[in-house]
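Notes to accompany the following structure.
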Amino acid sequence: MDKFLLQQQVLERLAEDLLQAEQAARAAHETATHEENIAENKYDTLGLEAAYLATGHARRADAVRQAIANWRQFRPRPYDASKGIELGALVCLVDSDGAQQQLFLGPGGGSMKLLSGAQQLVQVISSEAPLGRAMLGKCEGDELSLQIAAIRQQFEVLWVQ
């Protein structure tokens with residue numbers, strides 16, 4: 001699997017997310033500033049609510065812009081077994097039931113599922129995610145354990161690229 005192709009897919013998806021967030025922010029801003037939404041009394045809060053919504057969408061757009069900048073600067077390196085799993089690794093885990101999952105460990109803001117060239121689903125996660133943190137430093141054949149609420153999940157690292 002080509003990590004650089006996965007990176008390009010992440011950037012394309014983030015660009016789509018940015019466009020949607022900017023459109024939503026503009027629409028909410030227009031609603032907040034429209035003359036028909038000027039408050040007539042203290043209980044008329046449509047304009048105020050739209051202003052809060054516009055602010056939230058603008059913050060989301062800023063977060064996506066930052067994620068895009070992080071992903072553009074990101075340079076996935078080949079796996080180095082002496083260092084173990086690190087940012088940029090493409091990892092295949094198997095759980096105790098034998099179910100496999102492929103994960104691409106990248107910078108923050110890119111949590112999504114992608115299809116690789118072989119129609120294989122790849123989950124993009126951050127090293128800040130609990131599973132991402134648990135994988136750091138592990139090597140092929142290592143086991144990792146992850147506690148989520150009352151459930152403990154066990155995984156084995158099948159392969160790393």
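The values are calculated or read from the model by the stated rules, or taken from the named source; none is laboratory data. If you're wondering where the values come from, they're calculated on a predicted model, not measured in any experiment. Virtual Cβ from ideal backbone geometry, glycine too; neighbours counted across all protein chains shown. When the accessible area is computed, the model is the full protein with side chains, heavy atoms only, and any ligands, DNA or RNA have been set aside. Shrake-Rupley method; radii C 1.70, N 1.55, O 1.52, S 1.80 Å.
Couple of notes before you dig in:
- Within the stretch 116-140, considering residues that are free of Cβ contacts under 8 Å to residues at least 40 places away in the same chain and farther than 21 Å from Glu156 by Cβ, the one least open to solvent (accessible area, probe 1.4 Å): Ser126
- Every residue from the stretch 103-114 that is more than 19 Å from Gly137 (Cβ to Cβ) and in contact (Cβ under 8 Å) with a residue 60 or more places away in the chain: Gly109, Gly110, Met112, Leu114
- Any hit, the stretch 92-102, residues being in contact with a Lys or Arg (Cβ under 8 Å, 6 or more places away or on another chain) and surrounded by 15 or more Cβ atoms within 10 Å (Cβ to Cβ): no
- Of all the numbered requirements in (1) surrounded by 15 or more Cβ atoms within 10 Å (Cβ to Cβ); (2) of a type in the set (A, V, I, L, M); (3) under 16 Å from Met1 (Cα atoms), Leu144 misses one, and that requirement is (3).
- In the stretch 33-47, of all residues being touching a helix residue (DSSP H, G or I) at 6+ places or on another chain (Cβ under 9 Å) and among the polar types (S, T, N, Q), the one that is most open to solvent (accessible area, probe 1.4 Å) corresponds to Thr33.
- Candidates are the residues of the stretch 48-77 that are open to solvent by 100 Å² or more (accessible area, probe 1.4 Å) and closer than 14 Å to Gln7 by Cα; the one that is nearest to the chain's Cα centre (by Cα) is Arg72.
Here is a yes/no grid of residues against (1) without any contact (Cβ under 8 Å) to a residue 12 or more places away in the chain; (2) under 23 Å from Glu140 (Cα atoms):
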residue: Ala15; (1), (2): no, no
residue: Glu22; (1), (2): no, no
residue: Tyr43; (1), (2): yes, no
residue: Ala54; (1), (2): no, no
residue: Lys83; (1), (2): no, yes
residue: Ala89; (1), (2): no, yes
